[in-house]
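To keep things clear, I will list the structure first and then write my remarks on it.
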Amino acid sequence: MLEKQTHTQLIILIDPDKYNPELIKIANKSNVSYIFVGGSVLKKNTFEKTIKSIKSITEIPVVIFPGDETQVSKQADGILMLSLLSGRNAEYLIGKHVKAASKIKASKLTVIPTGYILIDGANTSTTQKITKTKPLTSKKEIIETAIAGELLGKKLIYLEAGSGAKKTLASSIIKEVKKILASL
């Protein structure tokens, strides 16, 4: 169900605190490949309920995009094992993973090792505040970090300018990362 794809895909990210089932109905009509569920800071206790609701109205695979070690659910189809490669805060490179490891292993979820790269969006993002890290600003640094992620065995590289970004991620950077990491 979560096999490697070689074509362009549309993935939507659902924040459980802002979940609206109508979005899933739209996704069902819009050729969405995956639904990611998670958030940097969840204020409501609706994580599990959100996944169950999504699964009840779609066949689209649901993959957890965990904001922290508590966001694990057997209800999902998979989980991204996110390492914040752009930051140098050990808690988000490995610390949170250690805290969640036993729970993830017991869940039997498909685990996708993912390099998370935060790019400067000209605004301080929630991810930046929580992780106490700085986003990458230079194209060279972004490319080198993505290559390091590949060499570390990451199966997916996630590039993000952060929520509330004033500056979007340049398509030229996305294209270059894609070209260089064609083997992922």
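Which distance in nm do the two modelled labels at residue 46 and residue 147 give, with both placed 7 Å along the Cα-to-Cβ direction?
4.4
Spin-label point model (7 Å from Cα, Cβ direction): what's the residue 111 to residue 182 distance in nm?
Using points 7 Å along Cα→Cβ, the separation is 3.1 nm.
Let me have the 222 nm mean residue ellipticity of the chain computed from DSSP H runs of 4+ only, each contributing -39500 (n - 2.57), with the sum over all residues rounded to the nearest 500. Don't skip to the end; give the middle numbers.
Working: 6 runs with 60 residues, N = 184.
Per the formula, -9500 deg cm²/dmol.
Label residue 166 and residue 33 with points 7 Å out from Cα along Cα→Cβ: what is the distance between them in nm?
My value for the distance between the label points is 3.3 nm.
Treating the angle as unsigned and between 0 and 90°, give the value, to the nearest 10°, between the Cα long axis of helix 139-151 and the longest Cα principal axis of the chain.
60
Which three lengths, in whole Å and largest first, does the range 109-184 cover when its Cα atoms are put on their principal axes?
Sorted largest first, the three principal extents are 32, 32, 17 Å.
Angle, helix 47-57 long axis vs. longest principal axis of the chain, Cα atoms, 0 to 90°, nearest 10?
70
Helix 96-107 versus the longest principal axis of the chain: what is the Cα-based angle in degrees, 0 to 90, to the nearest 10?
40
How would you rank 37-43, 172-178, highest first, on the average number of other Cβ atoms within 10 Å across their residues? Write out the running numbers ahead of the final one.
Numbers: 37-43: 18.0, 172-178: 14.4.
Packing order, densest peptide first, comes out as 37-43, 172-178.
Rounded to the nearest 5, what % of the DSSP beta bridges within the chain are antiparallel ones? Don't skip to the answer; put the middle values down first.
Values: 0 of 22 bridges.
Restricted to the chain, the bridges split so that about 0 percent are antiparallel.
Defining a contact as two alpha carbons under 8 Å apart and six or more residues distant in sequence, what relative contact order in percent does the chain show?
On the way: 311 pairs, mean separation 30.6, N = 184.
Relative contact order of the chain: 17 percent.
Read-outs throughout are calculated quantities, based only on the coordinates presented, and are distinct from any laboratory measurement. Remember, predicted model here, so these are calculated numbers, not experimental data. We place every Cβ from the backbone using ideal geometry, glycine too, and count neighbours over all the protein chains shown.
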